[in-house]
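*Asks:* Sending over a structure as structure tokens; questions will come in a sec.
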Amino acid sequence: MNNSRRVALKTTGAFATLVSLGIVTQSQAHAAMDRAGFDIKTMADAVKALGGTAANSDQVTVVAPDIAENGAVVPVGATSKIPNTTEIYLIVEKNPTPMAAGFKIPAGTAADVQTRLKMGQSSNVFAVVRADGKLFSASKETKVTLGGCGG
């Protein structure tokens with residue numbers, strides 16, 4: 001493991017822990033990343049900001065509950081089996097700002113991410129993956145019984 005990869009893994013792990021514990025807010029997490037797509041208000045525009053249309057792929061998996069009892073803390077993850085995955089984005093279709101999270105995947109790292117998202121209502125959750133400069137996606141519907149975004 002080279003030094004830059006080790007630093008990237010330590011930094012990403014520490015930052016993810018801070019977000020999951022609520023010490024760092026989602027807004028602060030966004031400030032640390034490239035902001036493309038995070039201020040956009042529609043699903044189509046969010047995907048367009050990432051670079052175009054994403055092709056559906058059975059190599060991408062969204063991990064989310066079928067029913068979330070509290071929309072303020074919905075555990076969501078994504079996995080990509082596509083070689084050379086460099087980025088994973090989580091998009092919640094019916095949120096006021098659909099782009100919910102973005103992850104840079106260092107080379108040689110398993111493309112598997114987990115986080116907690118706010119969901120204002122029942123919605124499809126999309127994972128959009130960038131691999132070899134192309135976009136791939138998968139989705140899963142999650143029903144929310146208690147609102148999280150302004151609810």
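The values are calculated or read from the model by the stated rules, or taken from the named source; none is laboratory data. From a predicted model like this one, the values you see are computed outputs, not experimental measurements. No Cβ is skipped: glycine too gets one built from the backbone with ideal geometry, and neighbour counts run over all protein chains shown. Note: accessible area is taken over every heavy atom of the protein model, side chains too, but ligands, DNA and RNA are not part of it. Shrake-Rupley method; radii C 1.70, N 1.55, O 1.52, S 1.80 Å.
*Asks:* Just the number, please: carbon plus sulfur as a percent of the accessible area of segment 36-103, 1.4 Å probe, no ligands or DNA/RNA counted.
*Replies:* The computed percentage sits at 53.
*Asks:* What spacing in nm lies between the two simple spin-label points modelled at residue 66 and residue 109, each 7 Å away from Cα in the Cβ direction?
*Replies:* It works out to 3.3 nm between the two label points.
*Asks:* Give me the extension gain from residue 134 to residue 81: residue separation times 0.36 nm, minus the current Cα-Cα distance, reported in nm with one decimal.
*Replies:* On the way: separation 53, 0.36 × 53 = 19.08 nm, distance 1.40 nm.
That pair, residue 134 and residue 81, stretches by 17.7 nm at full extension.
*Asks:* Next question, about the same structure. Taking a probe of 1.4 Å, how large is the accessible area per residue of segment 49-127, in Å²?
*Replies:* 46 Å²
*Asks:* What is the sum of charges around residue 131, taking Lys and Arg as +1, Asp and Glu as -1, for the other residues whose C-beta is under 15 Å from the C-beta of residue 131?
*Replies:* On the way: positive: 81, 104, 130, 134; negative: 58, 87, 112, 132.
Result for the local shell: 0.
*Asks:* Work through the residues other than residue 93 whose Cβ is under 15 Å from its Cβ and net out their charges, Lys, Arg +1 and Asp, Glu -1.
*Replies:* Here the count lands on +4.
*Asks:* Could you tally the net charge around residue 76, taking each other residue with its Cβ under 11 Å from the Cβ of residue 76, Lys/Arg +1 and Asp/Glu -1?
*Replies:* So the environment of residue 76 carries a net charge of +3.
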